[in-house]
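The structure appears right after this line, and notes come after that.
What follows draws every value from the coordinates through simple rules; no lab data is involved. None of these values were measured; they are calculated from a predicted model. Positions of Cβ are generated from backbone atoms using ideal geometry, with glycine treated the same way; all protein chains shown enter the neighbour counts.
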Amino acid sequence: MHGMLVSMDAEELAARWRERLESWAIPEEIMARAPVDPWSHSPERFGTRTDRALAEPDDGPTMTRLSEALPDGGTLLDVGSGPGASSLPLRGRIGHLYAVDTSAPMLEGLTLRADKLGVPVTAIEGRWPDVADRVPVADVSIAAHVVYNVPDLAGFLRALDAHTKGRVVLELPHRHPMSWLTPLWEEFHGISRPVRPIAEDCVALAAALGFAVHVEEREAPLERFTSLEELAASACRRACLDPSRAEEVAVTVLELGMWPMPRDRWVTIWWDR
Ligand SMILES: C[S@@+](CC[C@H](N)C(=O)[O-])C[C@H]1O[C@@H](n2cnc3c(N)ncnc32)[C@H](O)[C@@H]1O
């Protein structure tokens with residue numbers, strides 16, 4: 001028996017993905033005292049990211065794989081679009097953009113930018129795949145920086161595949177996007193945080209679902225924070241600390257050698273149908 005080579009089936013990998021994501025839950029007593037929702041994404045922050053992506057075109061694998069698969073004037077489906085950082089840079093090429101997001105403010109940011117750029121857009125507010133039947137099949141689809149929010153990853157990927165004629169592209173950081181906070185959770189709450197799931201777990205599941213996956217990896221084109229102050233404010237939110245502790249957090253970050261922060265590794269996963 002080649003134990004190492006026994007491949008797991010999709011159902012087992014999907015269950016592991018869910019369990020591993022659940023292991024990131026914040027202990028109830030800490031959550032109860034959180035001044036703000038530690039998991040929330042800020043539409044302003046993602047708006048800035050989108051404007052930077054529009055101003056400095058990125059020739060990394062995600063944009064390259066999308067661009068080469070998108071027919072001129074073709075339809076693009078962006079799931080978990082935010083304000084559009086991973087779709088709007090293809091502006092001149094898009095015939096129609098379908099953007100799905102659970103957050104109305106994120107979609108407002110996207111519609112505003114799409115209108116300015118002259119990209120025809122339909123915004124669909126709701127959770128993928130629950131709203132999938134309101135979305136037509138697109139030429140190409142993208143889900144960037146979303147999968148670590150998705151417990152039922154198999155259902156999410158299957159619906160994405162079923163709504164795509166040509167190519168599906170995913171982008172995700174190599175490790176969970178809250179991983180950078182692990183030393184601060186140790187320091188301020190005395191608890192250790194998980195490591196998994198990582199990008200390979202998503203790759204393994206997509207492959208087990210029968211998709212002919214390709215994987216490319218690179219250094220993130222953008223740094224996560226432009227100043228120590230910005231990092232400290234974010235750390236307070238994410239680690240359930242009162243914002244008045246930002247200075248203390250900044251001192252700890254320096255003591256722990258966490259600043260400047262190394263860039264993340266970003267992974268692009270794609271397959272053709
Ligand atoms: C980290 S942001 C990434 C935004 C954008 N794709 C980018 O690359 O900058 C994740 C976005 O996905 C949305 N989201 C998370 N899970 C979702 C789901 N199952 N269906 C639709 N939107 C989702 C969130 O509201 C948020 O706007």
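Once the chain from ARG18 to SER227 is taken as fully extended at 0.36 nm per residue, the excess over their C-alpha distance is 71.9 nm.
For the residues GLU44, GLU12, GLU29, a GNM of the chain with alpha-carbon springs under 10 Å puts the largest fluctuation on GLU29.
Relative to the dominant Cα principal axis of the chain, helix 10-22 is inclined by about 40°.
Between LEU170, LEU110, LEU181, the GNM of the chain built on Cα springs shorter than 10 angstrom shows LEU181 fluctuating the most. When the alpha carbon gyration tensor of the stretch 1-116 is reduced to an equivalent ellipsoid, the three semi-axes, largest first, read 32, 25, 12 Å. Measuring nothing but how far apart in sequence close Cα pairs (under 8 Å, 6+ apart) lie, relative to its length, the stretch 1-97 scores a relative contact order of 26 percent. For the pair the stretch 59-129 / the stretch 176-247, the C-alpha centres are spaced 24 Å from each other.
Using C-alpha pairs below 8 Å separated by at least 6 residues, the relative contact order for the stretch 191-273 is 43 percent. FRET efficiency for the LEU254 to ASP59 pair, using the beta carbon distance and R₀ = 41 Å, is estimated at 0.75. Working from label points 7 Å from Cα in the Cα-to-Cβ sense, the ALA104 to ARG91 distance is 2.7 nm. FRET efficiency for the GLU216 to ARG52 pair, using the beta carbon distance and R₀ = 22 Å, is estimated at 0.55.
The mean sequence separation of alpha-carbon pairs under 8 Å and at least six residues apart, normalised by the residue count of the chain, gives a relative contact order of 21 percent.
Diffusion of the stretch 105-237 by Stokes-Einstein, at 10 °C in a medium of 1.306 mPa s and with Rh set to the Kirkwood radius over alpha-carbon pairs, works out to 91 µm²/s. Which residue, PHE211, PHE188, PHE46, has the most motion in a Gaussian network model of the chain that connects Cα atoms within less than 10 Å? Its mean-square fluctuation being the largest, the pick is PHE188. The C-alpha atoms of the stretch 28-94 occupy a region whose extents along the principal axes are 52, 21, 18 Å, arranged from largest to smallest.
Considering all C-alpha pairs of the stretch 160-237, those separated by over 14 Å amount to 73%. Here the Debye sum runs over all C-alpha atoms of the chain as equal scatterers in vacuum, and log10 of I(q)/I(0) at q = 0.08 Å⁻¹ comes out as -0.34. The stretch 69-173 gives an Rg/Rh value of 0.92, both radii derived from C-alpha positions and Rh following Kirkwood. Each semi-axis of the equivalent ellipsoid for the stretch 128-199 is √(5λ) with λ an eigenvalue of the Cα gyration tensor; in descending order they amount to 33, 12, 8 Å.
What FRET efficiency, computed as 1/(1 + (r/R0)^6) with R0 = 30 Å and r the Cβ-Cβ distance, is obtained for GLU29 and ARG245, rounded to the nearest 0.05? According to the calculation, E is roughly 0.95.
So for the stretch 222-273, considering every pair of alpha-carbon atoms, how many percent are separated by more than 14 Å? Within the stretch 222-273, distances greater than 14 Å cover 58 percent of Cα pairs.
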